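The values are calculated or read from the model by the stated rules, or taken from the named source; none is laboratory data. Quantities reported herein were computed from a predicted structural model and do not represent experimental measurements. FYI the Cβ positions are ideal-geometry reconstructions off the backbone, even for glycines, and counts take in every protein chain you see.
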Amino acid sequence: MGTRTLTTPDLYDDRKRPPVGSRMRAYRCDTHVFVEEQNLDDNGQATFTSLPTGTDTVYHAVWGGKVGYGKYRWFPIRFMQITDGGTGGTTPEEARENLGIDGAAMLWAIVL
C-alpha cells in the first residue's frame, strides 16, 4: 500500500488564532493505529507525508500545557478516492470521461 501527502485545513483555537507549534497526530480510522505526527505552522496547518493511501484518517491536535491538561481537538478529514465519487471510474481520466468532461471543454470553460 502506498502513501499520500495531505496538508490540513487551518486550525484555530477558541479565540480564532492558529495554535502555532501545537502537535497534530494522524490515526487510521479502520484500525485506530497512530500513523504520523506533525507540528502546526504559522497558519495553523500541518503537512502529513506518510498517510496510507485508500484509508481514512482522523486527526488529534493538542496545544497549550502539559499532556492531558492542555487544549485539544479531534477532527476527521475524509480523503476521497476517485472510486468514492460515484463516477464509475478508477482513474481521473475515466472519471472525467464518465462525467462527460474532457480537457478541451475544461480549457474553454476557463477561457470563457
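A few remarks follow.
- The residues in segment 38-78 that are at pLDDT below 80, within 10 Å of the chain's Cα centre (by Cα) and of a type in the set (Gly, Ala, Ser) can be counted, and the count is 0.
- Of all the criteria given as (1) small (Gly, Ala, Ser); (2) assigned to a strand (DSSP E or B); (3) touching a residue at least 40 places away in the same chain (Cβ under 8 Å), the one not satisfied by Ala26 is (3).
- Members of segment 13-23 that are out of contact with any Pro (no Cβ under 6 Å at 6 or more places or on another chain) and either part of a loop (DSSP other than H, G, I, E, B) or modelled with pLDDT under 85 (or both): Asp14, Arg15, Lys16, Arg17, Pro18, Pro19, Val20, Gly21, Ser22
- Complete set of residues in segment 29-66 that are closer than 19 Å to Gly2 by Cβ and part of a loop (DSSP other than H, G, I, E, B): Cys29, Asp30, Thr31, Val33, Thr53, Gly54, Thr55, Asp56
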